[in-house]
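Please treat every number below as a calculation from the coordinates, not as lab data. Note that the structure is predicted; figures quoted are calculated from it, not measured. We place every Cβ from the backbone using ideal geometry, glycine too, and count neighbours over all the protein chains shown.
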Amino acid sequence: MNINTSLDQSVLDKIDTIQQQTDQDIKQIIQTAIELYYQQIQQPENDPLATLKQSNFIGCGESDPDLSSTYKTKLKTILDDSL
């Protein structure tokens, strides 16, 4: 299938940059862009909790294992020491 279209200068500049960095021709660039866009819209929307769990953010901090029950005392000590 042949497609004819006009592109504005900012898009042409981006294509030129992609060509310089990847040595791909315009056909390859467009095919890759369409495939990536297609994959993006085909993915089911994740719920926020699943996204957070996949981000490796949960569990990345370190502290005392009993911090949830002693945080008030520790915070008071820190505030008292800073005064």
statement: Tilt, helix 9-22 to longest principal axis of the chain (alpha-carbon atoms), in degrees rounded to tens, equals 80 degrees
Cα centre as origin, Lys/Arg/Asp/Glu Cβ charges: the chain dipole, Debye: 220 debye
task: Please give every one of the lysines within straight-line cross-link reach of Lys27, meaning a C-alpha to C-alpha distance under 18 Å, and leave out same-chain neighbours fewer than 8 residues apart.
output: Lys14
task: Could you calculate, for segment 7-56, the ratio of the Cα radius of gyration to the Kirkwood radius, expressed as Rg to Rh?
output: 1.19
task: Compute the acute angle (0 to 90°) between the alpha-carbon long axis of helix 67-82 and the principal axis of greatest extent of the alpha-carbon atoms of the chain; round to the nearest 10°.
output: 80 degrees
query: What full-extension length gain, to one decimal in nm, is calculated for Ile29 and Thr51 as 0.36 nm per residue of separation minus the Cα-Cα distance?
result: 5.0 nm
- prompt: How much mean residue ellipticity at 222 nm does the chain get from its helices, if each DSSP H run of length 4 or more adds -39500 (n - 2.57) and you divide by all residues, to the nearest 500 deg cm²/dmol?
  reply: -21000 deg cm²/dmol
